[in-house]
Amino acid sequence: MSLPDLAIDIATVKGFLDPAEGACLYDYALTVPGPCLELGSYCGRSSIYLGSACKRTGNVLFSIDHHRGSEEHQPGEQYHDPDLWDARLGQVDTLPELRWNLARAGLEETVFPVVARSARLAKHWRTPLGLLFIDGGHSEQAAWNDYRGFTGYLLPGGILLIHDVFPDPQQGGRPPFVIWSHATASGLFEPLPAVGTLRALRRLGST
Ligand code: MG
């Protein structure tokens, strides 16, 4: 595994991605056959790992998020952050924080934020992908929308990454595990090594 070459201290970026998982994302993003896309930018921690690898190879990353926070980011929930609250709208807004982090990481020409709900965007998406990172909402519907909306665009040899996969239901929610199990059983992918709650698969097929 290569040591990620990041322009800023990743600990200063709000987020839930473990550094070992980030290094794994970075490593996979260095060797993909097309553009990268992530579902769930939040404040850009994974965007910085993936985007820094893309910058190094001349690739690009589309970073998709509605920026209104997942279930667990809402007021009164476990991961609510008052710094990410837009008082005028009375809603979470993580986009300014993402833009700040991308700017200071020197990634504005490499990472393209798209403010959209994944299911709405998927209807209009046409670009083949070299890497897809699913790290969006953890509800059953959100996870399936992310999986069904974008995995079909993965090029042969492309990498599918899924975050927050907990085989033991006591440890965390089921939907990421369910879509990972589905992908694994589909015959369309081969498993690859990953760390923590990250899972990696390679799309089979010839280029
Ligand atoms: Mg996650």
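Here, each number is a calculation from the coordinates, and none is a lab measurement. Source: prediction; values computed, not measured. Cβ atoms come from the backbone with ideal geometry, glycine included; neighbour counts cover every protein chain shown.
Before moving on, here are some points about what is shown:
- Bridge type composition, the chain - antiparallel percent by DSSP, nearest 5: 35
- The chymotrypsin sites (Phe, Trp or Tyr not before Pro) found in the stretch 1-99 that occupy coil by DSSP, while having at most 14 further C-beta atoms within 10 Å, are Tyr79.
- Couplings 3J(HN,Hα) for the stretch 132-142, derived from phi with the Karplus relation 6.51 cos²θ - 1.76 cosθ + 1.60 (θ = phi - 60°), are 10, 10, 9, 8, x, x, 9, 6, 3, 5, 4 Hz, where x marks Gly and Pro.
- About the Cα centre, charge dipole magnitude for the stretch 92-207 (Lys/Arg +1, Asp/Glu -1 at Cβ), debye: 380
- Longest site-free stretch - the chain; sites: GluC sites (Glu not before Pro), DSSP loop, at most 16 other Cβ within 10 Å: 110-207
- Under 5 Å, built H, 5+ apart or other chain: amide partners of Leu37: Phe62, Leu131, Leu132, Phe133
- Rounded to the nearest Hz, the phi-derived 3J(HN,Hα) couplings of the stretch 21-30 under the Karplus curve 6.51 cos²θ - 1.76 cosθ + 1.60 (θ = phi - 60°) are 5, x, 5, 5, 4, 4, 4, 5, 5, 6, where x marks glycine and proline.
- The H on the amide N of Leu154, modeled in the peptide plane, is under 5 Å from the matching H of Leu129, each at least 5 residues off or on a different chain.
- Remark: spin-label model distance Asp86-Arg68 equals 1.0 nm, labels positioned 7 Å along the Cα→Cβ axis.
- Computed about the Cα centre, the dipole magnitude for the chain is approximately 780 debye when only Lys and Arg (+1) and Asp and Glu (-1) carry charge, each at its Cβ.
- Cα gyration tensor shape for the stretch 119-207, rounded if a/c is under 1.5, else prolate or oblate: oblate
- Exposure proxy order (Cβ contacts within 10 Å, fewest to most) of Thr12, Thr197: Thr12, Thr197
- The three principal axes of the Cα atoms in the stretch 1-151 give end-to-end lengths of 40, 35, 25 Å, sorted in falling order.
- Shape call, the stretch 32-113: gyration tensor on alpha carbons, a/c limit 1.5: prolate
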